[in-house]
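J.: What follows is a structure written as structure tokens; I'll ask about it next.
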Amino acid sequence: MRDCAQMTIPPHSTIREAAAVMEASSSQIALVADADDRLLGTITDGDIRRAMLRGQKLTDPAATIMNDRPVTIVHGTSGKLAYELMLRKNLRRLPVVSASGRLLGLEVLEDFLQPCPRDNAVVIMAGGLGRRLAPLTDHCPKPLLKVGSKPLLETIVESLRAYSFHRFYFSVHYKAEMIEDYFGDGSRFGVQIDYLREHQPLGTAGALSLLPDPEKQPVIVINGDLLTSLNYSHLLQFHQQCGGAATMCVREYTFSIPYGVVETDQHRFVAVQEKPAHQAFVNAGIYVLEPPSLQHIAPGRYMDMPDLFEQLKRRGLEASVFPVREYWLDIGRLDDYERANREYGEVFR
């Protein structure tokens, strides 16, 4: 049983504070308790992301999204029974309470398991020309540009390897030989790397038609120009819980109109809203695809990932969206690259 003091928040906390507790303790759960330590509810990462999709703000009360009827076990229950209950209820975290309901600790599924490699294939799109980063990319492919002390693509591989992924495919085109020379077969990085060689650009989905063998597990696809601290375990869990054909990661984006927006009712003036801010979800360039979804990609034809999602929808297949609340930066322009180098040390300490 783990100590839960750092995972516990009072009922008046905000959703943002619940998220901060999860990140600080790496617990993947926040426990809501009153002043007498009685458990009131639990909040998971999935609860927070679903709240974001509903339009809730991180400043909203955490109690509005908590599960107020969580599954618990009484202190003294054997580890065997706790483990069996988590498997039966599909739980990864199980609060431990006293007979009077006072919170005492937390059982964690991983403590009962031996870590094992994930067999999911990870496809990293590393074939782009990177024109917007010229002249840096005149003689170097964008994924090999150094962010911090190492190439961006190496950081992406390391972040995925930390979640036990070991089977990688790099989709390569522009200056492919430089990427292949640096990474080889991946053994130097503790992973297996194979290459999908695009003789002509096929797009972020079209390159998947080059996969040599049918996949049995969901496939992770990520653009090779992203710097992110995304929790890939949370992503896979969310995808599996939704049960759809595919999941697209999205990022909340805020933009302001630099003018006073005039509201009208036909020819009549209603009001002026000065420089309003608007929020929308944008494509974050990270995806999970069930193996049958790959069958909708025609070999040798250009297709971007949004086109694939549109096609899945037209065919009546459900696709989900997963909001990224962790650090995320698309390195598409020179100022993005400079920002990535400034922030790298803070994100990947």
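Values in this text are rule-based calculations from the coordinates and carry no lab data. Given the structure is predicted, the values throughout are model-derived calculations rather than measurements. Glycine gets a Cβ as well: all are built from the backbone with ideal geometry, and neighbour counts include every protein chain shown.
J.: Angle, helix 79-89 long axis vs. longest principal axis of the chain, Cα atoms, 0 to 90°, nearest 10?
T.: The two axes meet at around 60 degrees.
J.: Out of Phe281, Phe255, Phe170, any idea which swings most in a Gaussian network model of the chain, alpha carbons joined below 10 Å?
T.: The residue with the greatest mean-square fluctuation here is Phe255.
J.: Rank the residues His239, His296 as a footprinting-exposure proxy: fewest other Cβ atoms within 10 Å of their Cβ go first. Intermediate values should be presented prior to the final figure.
T.: Working: His239 22, His296 18.
The most exposed by this proxy come first: His296, His239.
J.: Counting pairwise Cα distances across segment 65-148, what percent come out greater than 18 angstrom?
T.: Numbers: 2208 of 3486 pairs.
Above the 18 Å cut-off, segment 65-148 has 63 percent of its Cα pairs.
J.: If you don't mind, there's one more thing I want to ask. Output needed for the chain: three equivalent-ellipsoid semi-axes, defined as square roots of 5 times the C-alpha gyration tensor eigenvalues, in descending order, whole Å. Display every interim value, and only then the final one.
T.: Details: eigenvalues 273, 168, 82 Å².
Over the Cα atoms of the chain, the semi-axes work out to 37, 29, 20 Å.
J.: Excluding residues fewer than 8 places away in the same chain, name every one of the lysines whose C-alpha is closer than 27 Å to that of Lys216.
T.: Lys216 reaches Lys89, Lys313.
J.: Follow-up. Run the quick spin-label model on Lys89 and Asp36: label points 7 Å from Cα toward the beta carbon, then report their separation in nm to one decimal.
T.: Calculated label separation equals 2.2 nm.
J.: Would you list, by chain and number, the aspartates and glutamates whose Cα falls below 16 Å from the Cα of Lys150, excluding same-chain residues fewer than 8 positions away?
T.: The reachable aspartates and glutamates, counting only those whose Cα sits under 16 Å from Lys150, are Glu158, Glu180, Asp181, Asp225, Glu338, Glu343, Glu346.
J.: State the percent of C-alpha pairs, over all pairs in segment 116-273, separated by a distance greater than 28 angstrom. Write down the numbers at each step before the final one.
T.: On the way: 4014 of 12403 pairs.
For segment 116-273, the share of Cα pairs beyond 28 Å comes to 32 percent.
J.: Here is a follow-up. Can you tell which of Val272, Gly285, Ile257 lies farthest toward the positive end of the dipole of segment 238-321, using +1 and -1 charges on the Cβ of basic and acidic side chains (Lys, Arg; Asp, Glu)?
T.: Among Val272, Gly285, Ile257, the one farthest towards the positive end of the dipole of segment 238-321 is Gly285.
J.: Sticking with this one: Going by how many other beta carbons lie within 10 Å of each one, how would you line up Met52, Met7, Met66, fewest first? Walk me through the numbers on the way to the answer.
T.: Values: Met52 20, Met7 26, Met66 23.
So the residues, fewest neighbours to most, are Met52, Met66, Met7.
J.: Take segment 228-316, compute every pairwise Cα distance, and split them into 5 Å bins from 0; I just need the percent in each bin.
T.: Bins of 5 Å from zero give 3, 10, 15, 15, 13, 10, 8, 9, 9, 6, 2, 0 percent of pairs.
J.: Then there's this: Through the Karplus equation 6.51 cos²θ - 1.76 cosθ + 1.60, θ set to phi - 60°, convert the phi angles of segment 8-14 into ³J(HN,Hα) values in whole Hz; use x for Gly and Pro.
T.: Result, ordered by residue: 9, 10, x, x, 8, 5, 8 Hz.
J.: Kindly list the residues of segment 250-271 that lie in the label zone of His278, defined by a backbone N under 11 Å from the point 7 Å along the Cα-to-C-beta vector.
T.: 255-258
J.: How far apart, in nm, are two points set 7 Å out from the Cα along the Cα-to-Cβ line at Glu326 and at Gln217?
T.: 1.7 nm
J.: Along the three principal axes, how long is segment 5-112 when you take its alpha carbons, biggest first, rounded to the nearest angstrom?
T.: 40, 28, 23
J.: Pop out the ³J(HN,Hα) list for segment 285-295 in order, Karplus 6.51 cos²θ - 1.76 cosθ + 1.60 with θ = phi - 60°, rounded to Hz; leave Gly and Pro as x.
T.: So the Karplus estimates, Gly and Pro as x, are x, 10, 9, 10, 10, 5, x, x, 5, 5, 6 Hz.
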